[in-house]
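Novice: Handing you a structure now.
The values are calculated or read from the model by the stated rules, or taken from the named source; none is laboratory data. Every value quoted in this text rests on a predicted model; they were computed, and no experiment measured them. Reconstructed Cβ throughout: ideal geometry from the backbone, glycine too, with neighbour counts over all protein chains shown. Remember, those area values only see protein heavy atoms, side chains included, never the ligands or the DNA or RNA. Shrake-Rupley method; radii C 1.70, N 1.55, O 1.52, S 1.80 Å.
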Amino acid sequence: MKPSIPQGTRDFSPADVRRRQYILNTIKSVFEVYGFQPLETPSMENLNTLMGKYGEEGDRLIFKILNNGLHEKKDQAKLHEEWDKILSKPYSSTTVTERALRYDLTIPFARYVVMHQNDLAFPFKRYQMQPVWRADRPQRGRYREFWQCDADVVGSNSLLNEAELLCIYQDAFHRLNVPGIQVKINSRKVLAGLAECCGAAEQLTDITVAIDKLDKIGWDGVAKELTERGLEADKVSYIQNYLNISGSTEERLVAMETLLKDSATAQQGIAELRTTLKYMAQLERSEWTSEVLVDFTLARGLNYYTGVIVEVGTTAVKMGSIGGGGRYDDLTGLFGLKGLSGVGVSFGIDRIYDVMTELNLFPEDVDVTTRILFVNIEPEAETTILSYLSHLRGLGISAELYSDAAKFDKQMKYADKRQIPYVGIVGSTELAQKVINLKNMTTGEQQQLSIEQLSEHLV
RNA sequence: GAGGCUAUAGCUCAGUUGGUUAGAGCGUCGGUUUGUGGUUCCGAAGGUCGUGGGUUCGAGACCCAUUAGCCUCCCCA
């Protein structure tokens with residue numbers, strides 16, 4: 001049979017894994033420095049935990065897992081009935097699929113917080129880096145299995161959290177050396193205020209979905225979409241005034257305060273943005289080069305956000321957003337724990353990988369492999385070489401012996417292909433003299449060294 | 001859910017308006033007198049042309065169906 005992998009999944013080669021781990025480890029170290037703690041949840045959740053949390057579209061995209069042992073279930077009539085429903089319409093039944101693959105990290109996190117509320121110290125700050133699965137149609141940059149990398153704080157309303165999360169973005173991209181980073185922030189309350197002031201409060205979602213596309217389809221496209229979604233011309237032109245506000249951050253904040261003066265919600269949102277920026281300014285480090293800017297056109301699709309929202313991109317490469325997040329009130333309410341507010345950010349590590357590859361930002365030593373390979377040409381030398389391996393490994397130097405007595409040039413080609421920097425040659429001559437003929441594969445130079453000299457050379 | 005493109009060697013692809021034994025590069029393996037790779041030279045292996053029908057004297061090429069992959073829109077990360 002011809003080997004293949006499921007649609008929308010990927011293999012990661014050793015080089016890919018090292019690069020991805022470099023990104024993950026860097027982000028992780030930033031999370032840790034800000035006091036976040038790691039959390040992992042199962043790959044699969046009970047279907048009931050996930051269903052109804054991501055909207056109708058989301059429900060369709062959940063990967064469901066067929067129950068085992070259906071043939072020996074007692075109530076076959078019920079099973080047939082459920083199957084018929086599944087075959088005739090979008091429908092899920094725990095009789096047939098009791099479990100499903102994790103769709104994101106936020107709902108499992110909420111579930112975890114509710115289940116362990118008595119053990120947790122609130123505010124609870126956790127980060128989580130795990131794969132998620134979606135039965136979406138794969139295309140460029142979109143997979144059925146991909147990794148999410150989230151940090152959230154639950155159980156605190158303080159804007160200090162927002163400020164810290166903005167710093168996490170800046171810090172992480174600074175450490176990753178990604179240029180041209182723009183962190184855009186807005187508030188859902190300002191958007192709600194807009195909907196309120198233009199007289200379409202109940203169409204907040206329609207408005208946010210449309211203006212979120214501004215940079216993609218332009219004002220004309222947005223206006224068209226707003227009209228299609230049933231907004232009258234005067235409301236559309238009010239929204240146009242909103243989107244036209246320009247100037248420095250302070251100028252725009254002031255202009256927005258004036259435009260939306262009739263909305264208490266909007267005023268609160270603007271005040272929150274000011275406070276967040278003030279906190280952030282106190283936490284920022286001078287070496288960070290990223291820009292943080294207020295962007296009132298930023299909407300973000302997810303409609304569970306209720307406060308400050310954020311999205312990260314880079315001007316250095318043509319690429320969609322590489323991170324985003326925001327505040328969502330009452331996330332755990334879905335599972336019966338009321339009144340806990342959360343705020344979180346997410347890093348899009350697949351896209352960050354693409355950006356860094358395109359800009360060649362990975363450090364050279366991410367590809368480090370075995371330091372020295374001993375060639376296997378003299379059976380008598382085996383015992384000695386094994387003792388060398390043991391010695392070197394004890395010093396933390398990765399070392400290998402080519403395991404088969406293959407032809408010399410085959411062994412050399414192997415070392416070359418794996419980009420191993422040193423080859424150790426121990427044949428009968430070297431064995432007798434108790435030395436190693438060390439070959440530097442970059443320069444081609446060779447020298448005779450004792451194992452002690454060799455160790456020092458390689459440390 | 002809607003639309004478009006593609007399918008030939010392990011990989012990337014040629015294959016002329018249908019014509020005889022199916023091509024290249026890379027990779028793999030072997031050799032270049034048996035302890036020296038990355039650069040040379042010689043050679044070899046490897047393909048029922050995605051699958052099933054059809055048109056034709058003749059199909060890798062044309063038609064239909066089917067499957068898979070890729071891409072765009074919707075939506076999302």
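Novice: Could you list, in sequence order, the residues of segment A:208-264 that are more than 16 Å from RNA strand B (Cβ to nearest atom) and of a type in the set (A, V, I, L, M)?
Specialist: A:ALA233, A:VAL236, A:ILE239, A:LEU243, A:ILE245, A:LEU253, A:VAL254, A:ALA255, A:MET256, A:LEU259, A:LEU260, A:ALA264
Novice: Output the residues belonging to segment A:310-343 that are more than 13 Å from RNA strand B (Cβ to nearest atom), buried (at least 16 other Cβ atoms within 10 Å of the Cβ) and in a loop (DSSP other than H, G, I, E, B).
Specialist: Scanning segment A:310-343 gives A:VAL317, A:ASP329, A:LEU337, A:LEU340, A:SER341.
Novice: Being modelled with pLDDT of 95 or more, open to solvent by less than 40 Å² (accessible area, probe 1.4 Å) and either part of a loop (DSSP other than H, G, I, E, B) or under 14 Å from A:ASP104 (Cα atoms) (or both) is the filter here, so list the residues in segment A:16-65 that pass it.
Specialist: Selection gives A:TYR34, A:PHE36, A:LEU39, A:THR41, A:GLU45.
Novice: Report every pair of residues separated by at least 6 positions or lying on different chains whose Cβ atoms are under 9 Å apart, first residue within segment A:130-154 and open to solvent by 20 Å² or more (accessible area, probe 1.4 Å), second within 6 Å of RNA strand B (Cβ to nearest atom) and hydrophobic (A, V, I, L, M, F, W, C).
Specialist: A:PRO131/A:PHE146; A:TRP133/A:PHE146; A:ARG134/A:PHE146
Novice: Right, here's the next one. For the condition open to solvent by 80 Å² or more (accessible area, probe 1.4 Å), among the charged types (D, E, K, R) and without any contact (Cβ under 8 Å) to a residue 40 or more places away in the chain, what is the one hit in A:GLU250, A:GLU257, A:GLU291?
Specialist: A:GLU250
Yes or no, residue by residue, for (1) small (Gly, Ala, Ser); (2) within 30 Å of A:ARG10 (Cβ to Cβ); (3) in contact with a helix residue (DSSP H, G or I) (Cβ under 8 Å, 6 or more places away or on another chain); (4) at pLDDT 95 or above:
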{"position": "A:GLU358", "(1), (2), (3), (4)": "no, yes, no, no"}
{"position": "A:GLU378", "(1), (2), (3), (4)": "no, no, yes, no"}
{"position": "A:LEU386", "(1), (2), (3), (4)": "no, no, no, yes"}
{"position": "A:GLN411", "(1), (2), (3), (4)": "no, no, no, no"}
{"position": "A:GLU430", "(1), (2), (3), (4)": "no, no, yes, no"}
{"position": "A:GLN446", "(1), (2), (3), (4)": "no, no, no, no"}
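Novice: Check whether at least one residue in segment A:98-115 is open to solvent by 60 Å² or more (accessible area, probe 1.4 Å), of a type outside the set (Asp, Glu) and over 29 Å from A:ARG19 (Cα atoms), and report yes or no.
Specialist: yes
Novice: Let me ask something additional. All but one of (1) part of a helix (DSSP H, G or I); (2) open to solvent by less than 70 Å² (accessible area, probe 1.4 Å) hold for A:TRP83; which doesn't?
Specialist: The number of the failed condition is (2).
Novice: Then there's this: Find the residue count for segment A:403-444, including only residues that are under 13 Å from A:ARG371 (Cα atoms) and not β-branched (Val, Ile, Thr).
Specialist: Going through segment A:403-444 one residue at a time, the tally reaches 11.
Novice: Let me ask you something else. Can you tell me which residue in segment A:249-289 is nearest to A:GLY324 (Cα to Cα), limited to those that are of a type outside the set (A, V, I, L, M, F, W, C) and in contact with a strand residue (DSSP E or B) (Cβ under 8 Å, 6 or more places away or on another chain)?
Specialist: Out of the qualifying residues, it is A:THR276.
Novice: Let me ask something else about it. Mind checking whether some residue in segment A:168-185 is within 14 Å of RNA strand B (Cβ to nearest atom) and farther than 19 Å from A:ILE270 by Cβ?
Specialist: Yes, segment A:168-185 contains at least one residue that is within 14 Å of RNA strand B (Cβ to nearest atom) and farther than 19 Å from A:ILE270 by Cβ.
Novice: Then there is this: Evaluate segment A:211-222: report whether one residue or more is more than 28 Å from A:THR314 (Cα to Cα) and either open to solvent by less than 20 Å² (accessible area, probe 1.4 Å) or among the small types (Gly, Ala, Ser) (or both).
Specialist: Taking every residue of segment A:211-222 in turn, none turns out to be more than 28 Å from A:THR314 (Cα to Cα) and either open to solvent by less than 20 Å² (accessible area, probe 1.4 Å) or among the small types (Gly, Ala, Ser) (or both).
Results for (1) within 23 Å of the chain's Cα centre (by Cα); (2) outside any loop (DSSP other than H, G, I, E, B); (3) closer than 27 Å to A:GLY307 by Cβ; (4) at pLDDT below 95, shown as yes or no for each residue.
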| residue | (1), (2), (3), (4) |
| --- | --- |
| A:PRO90 | no, no, no, yes |
| A:LEU120 | no, no, yes, no |
| A:GLN128 | yes, yes, yes, no |
| A:PHE146 | yes, yes, yes, yes |
| A:LEU165 | yes, yes, yes, no |
| A:TYR169 | yes, yes, yes, no |
| A:HIS174 | yes, yes, yes, no |
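Novice: State whether one or more residues within segment A:290-309 are in contact with a strand residue (DSSP E or B) (Cβ under 6 Å, 6 or more places away or on another chain), in a strand (DSSP E or B), at pLDDT below 95 and within 16 Å of RNA strand B (Cβ to nearest atom).
Specialist: Looking through segment A:290-309, at least one residue is in contact with a strand residue (DSSP E or B) (Cβ under 6 Å, 6 or more places away or on another chain), in a strand (DSSP E or B), at pLDDT below 95 and within 16 Å of RNA strand B (Cβ to nearest atom).
Novice: Look through A:ALA200, A:ALA281 and report the one residue that is away from RNA strand B (no atom under 16 Å from the Cβ) and farther than 27 Å from A:LEU159 by Cβ.
Specialist: Within the list A:ALA200, A:ALA281, the selection yields A:ALA200.
Novice: Select the strands (runs of 3 or more DSSP E) contained entirely in segment A:368-459, then report the ones holding at least 3 residues which are hydroxyl-bearing (Ser, Thr, Tyr), within 13 Å of RNA strand B (Cβ to nearest atom) and in contact with a strand residue (DSSP E or B) (Cβ under 7 Å, 6 or more places away or on another chain).
Specialist: none
Novice: Would you check if A:TYR103 is aromatic (Phe, Trp, Tyr), touching a strand residue (DSSP E or B) at 6+ places or on another chain (Cβ under 9 Å), outside any strand (DSSP E or B) and within 13 Å of RNA strand B (Cβ to nearest atom)?
Specialist: Here the answer is yes, as A:TYR103 does meet what is asked.
Novice: When you go through A:ILE211, A:ILE185 one by one, which is the residue that is in contact (Cβ under 8 Å) with a residue 12 or more places away in the chain and closer than 30 Å to A:PHE36 by Cβ?
Specialist: Answer to the check: A:ILE185.
Yes/no matrix, rows are residues, columns are (1) surrounded by 13 or more Cβ atoms within 10 Å (Cβ to Cβ); (2) closer than 20 Å to A:LEU386 by Cβ:
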residue: A:GLN411; (1), (2): yes, yes
residue: A:TYR414; (1), (2): yes, yes
residue: A:LYS417; (1), (2): no, no
residue: A:TYR422; (1), (2): yes, yes
residue: A:GLY427; (1), (2): yes, yes
residue: A:MET441; (1), (2): yes, no
residue: A:GLU445; (1), (2): no, no
